[in-house]
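Read-outs: derived from the displayed coordinates by stated rules, not from any lab. Please read these numbers as outputs of a predicted model, since none were measured by experiment. Please note: Cβ atoms are built from the backbone with ideal geometry, for glycine as well, and neighbour counts cover all protein chains shown.
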Amino acid sequence: MKITLKDGKILEYSEAKHLYEIAGDISEGLMRAALAAEVDGKVLGMGEVIESDACVTFLTFDDQKGKDVFRHTASHILAQAVKRLYPEAKLAIGPAIENGFYYDIDCEVSFTPEVLDKISAEMKKIVKENLPIRKIIKSKDEAIKYFEEKGEIYKVELLNDLPEDAEISFYEQGEFTDLCAGPHLSSTGKVKAFTLTGTAGAYWRGDEKNKMLQRIYGTAFTNKTDMEEFLAAQEEARKRDHNKLGRELDIFTTVDVIGQGLPVMLPKGTKILQTLQRWVEDHEEANGWLRTKTPLMAKSDLYKISGHWDHYLDGMFVMGDPESDKEVFALRPMTCPFQYQAYLSKMRSYRDLPLRYAETSTLFRNESSGEMHGLIRVRQFTISEGHLMCRPDQLEEEFRNCLEMTNYMMKTLGLYEDVSYRFSQWDPDNREKYIGTDEQWAEAQNTMKTILDDLGLEYKIGIGEAAFYGPKLDIQIKNVFGKEDTLVTIQVDQMLAEKFGMEYTDSDGSKKNPYIIHRTSMGCYERTLALLIEKYAGAFPTWLAPVQAKILPITDAQKEYAREYAKVLRANGVMVEVDDRNEKIGYKIREAQLEKVPYMLIVGEKEIESGAVAVRSRKEGDLGQVSKEDFITNITKEIREKTR
């Protein structure tokens, strides 16, 4: 038997071996550190036996898959502790997640902080007991009977969804046995450091029609020091959370009677979005993009042509009954079918291409309530959307130009170093999700791969992440808690032009369908704002700040001077406020600091006498007296150059 390791080294054995034995043959240190192993692409526990040739990669806590095995075991320890304390509790699911684990539980007892402390103490006992973890295989019928006898209704429901001939794996630790595909650590004692981080409500299977369960979150590490460092970073993330800061800084609010995922932008948030929108639109127009303004809704007929009606209906807000009403309308989830009508408004020649349409588009998507998160994921949002029709020979250059424009915007905003790239492809095993033929998808993906490789772009591949009509380049970014979302998309589409009858007359007189590039230049304004709040902890660069300077008169005698200077600043494009309250100057300064205003201009008798202001910078502290003219010159230069 030949075992091929990650570095290409081959170990030969004359008999079957446990994975921990193979690790021990490599080194004693690896045998201690290995949590699991990836064998021919499948992650297995260290107690599994290898009986034939295989490629083996051992996984430690440094590997995400190793972390997942470690934390999945911690979730089972959590479930065991809950069942010891509250035997009537019903267990649902308990997976590892990127930075920890959770378990969904149906229990009459509310998991308050005091109850979590009790559960945590019981978990420590289970770890100290160092219970061996053993894998057991049962048939589907045996598994269902086992959980029916225990009254575990959620496990039974999961089992009923499996094929009749499925072999079901259980994992046993002491008196506790759970349904699980695994793998797990060899014993509970290996989970040296863990903590329960909070609770939340979670609908069973994510369906609002099902019962609301209690979800307990936690995380686990191989040592206490690493866990404490992680928790400190999480605490810093909570301080930067746009949901918290955005409200504290009067940027946005949410209201129950308006609805989830429908934020209200307050004046400061609206000013930031206005600044972003004007900058994006000006830059797009300077790069040859023509602006359109299209309806926010359309008849179902339009979405049936594009394929959205068949492939995206669950994500749309529909007005009317499709079964009985003659005309059914829907709010638009994207702008492409509308902008195509602008292309179709007249005949097109190859000389007209490329044709670039841009629009600041308000869109509506019926996201599930469990997906809502502040400004990151909402039901109504605005994007810097565009669609570019071009000839095949223009495709690569135009794609490059779209990417360069996005990269310029990410760099200007300070987000460029935080993004990664994903080449989102279709999943041929989920054929119903997509339009087009296998040949069309192969051509579209090969074309896009050539473009990305020619650009020298480093990217990951996301199978099943393509739109239903074409592959795309997704520019990904993480929020402060490490949750990844798509910020910008650039997509090659070879299918919708034909569906809509979009043609151009080529140089030889033949009719051809243009290639279409769907793209956003900066992405969703609301999501970008959320990321900027978190990136800068609310202390925006001066050009983006909703209040760029605040004038603070020391006494009533300086109020008129402050107000007159504010008029001059506004005339020069500076967003300024005057704090003329009857408060001490120290209090006014502290208030301005809490509001994260870039510049405080303190005005007293000396400043009036010299025609100046005393400047206090958020970044540099006290800058002393500066003439009114020089301050205007300095701040307008900073705004114009978009200095960070």
Notebook entry, point to check: Once Rh is set to the Kirkwood radius over Cα pairs, what Stokes-Einstein translational diffusion coefficient, in µm²/s, holds for segment 486-644 at a temperature of 37 °C and a viscosity of 0.692 mPa s?
Noted result: 173 µm²/s
Next item on the list: Calculate, in nm to one decimal, what N223 and I153 gain on full extension: separation in residues at 0.36 nm each, minus their alpha carbon distance.
Entry: 21.6 nm
Note to self: Would you calculate the convex hull of the Cα atoms in the chain and tell me its volume per residue in Å³?
What the structure shows: 224 Å³
Item checked: Sorted by Cβ density within 10 Å, fewest first, the residues K511, K472, K2, K628 -> K511, K2, K628, K472
Item checked: Unit charges on C-beta of K, R, D, E only; dipole of segment 549-640, Debye -> 360 debye
Notebook entry, point to check: Short version: ³J(HN,Hα) in whole Hz for each residue of segment 484-492, in order, from phi by Karplus 6.51 cos²θ - 1.76 cosθ + 1.60 (θ = phi - 60°), x for Gly and Pro, what are they?
Noted result: 8, 9, 7, 9, 9, 10, 10, 10, 9
Next item on the list: Any chance you could give the angle, 0 to 90 degrees and rounded to 10, that helix 559-571 forms with the longest Cα principal axis of the chain?
Entry: 80 degrees
Note to self: I need Y587, Y343 ordered by Cβ neighbour count within 10 Å, fewest first.
What the structure shows: Y587, Y343
Notebook entry, point to check: Got a sec? How would S627, S521, S349, S186 order by Cβ neighbour count within 10 Å, fewest to most?
Noted result: S349, S627, S186, S521
Check: Say each of A286 and R134 gets a label point 7 Å from the Cα, pointing the same way as Cα to Cβ; how far apart are those two points in nm?
Finding: 7.1 nm
Notebook entry, point to check: Calculated FRET efficiency, E172 and K619, Cβ-Cβ r, R0 56 Å, to nearest 0.05?
Noted result: 0.45
Check: So how far, in whole Å, is the C-alpha centre of segment 118-142 from the one of segment 242-263?
Finding: 42 Å
Margin query: If I take R0 = 60 Å and measure r between the Cβ atoms of K293 and T555 in this structure, what FRET efficiency does the formula 1/(1 + (r/R0)^6) give, to the nearest 0.05?
Written below: 0.75
Check: Between the helical axis of 585-594 and the dominant principal axis of the chain, each derived from Cα atoms, what acute angle in degrees is found, rounded to the nearest 10?
Finding: 50 degrees
Notebook entry, point to check: Hey, how much of the P(r) for segment 2-60 falls beyond 16 Å, as a percent of Cα pairs?
Noted result: 31 percent
Margin query: Tell me whether segment 264-535 comes out rounded, prolate or oblate; compute the Cα gyration tensor, take square roots of the eigenvalues as a ≥ b ≥ c, and use a/c under 1.5 as the rounded threshold.
Written below: rounded
Next item on the list: Starting from 0 in steps of 5 Å, tell me what percent of the Cα-Cα pairs of segment 366-509 lands in each bin.
Entry: 2, 8, 16, 20, 20, 16, 11, 5, 1, 1, 0, 0
Notebook entry, point to check: Principal axis lengths of segment 173-222 from Cα atoms, whole Å, largest first?
Noted result: 39, 24, 19
Notebook entry, point to check: Could you work out Rg/(2.2 N^0.38 Å) for segment 549-640, with Rg from alpha carbons only?
Noted result: 0.97
Margin query: What Kirkwood Rh does segment 489-557 have if only Cα atoms enter the pairwise 1/r average? Answer in Å.
Written below: 17.1 Å
Next item on the list: Jot down the radius of gyration and Dmax of segment 197-346, Cα atoms only, both in angstrom.
Entry: 22.4, 68
Margin query: Nearest 10 degrees is fine. How inclined is helix 113-129 to the longest principal axis of the chain, computing both from alpha carbons?
Written below: 40 degrees
Check: When the convex hull of the C-alpha atoms of segment 66-240 is computed, what volume per residue in Å³ does it have?
Finding: 123 Å³
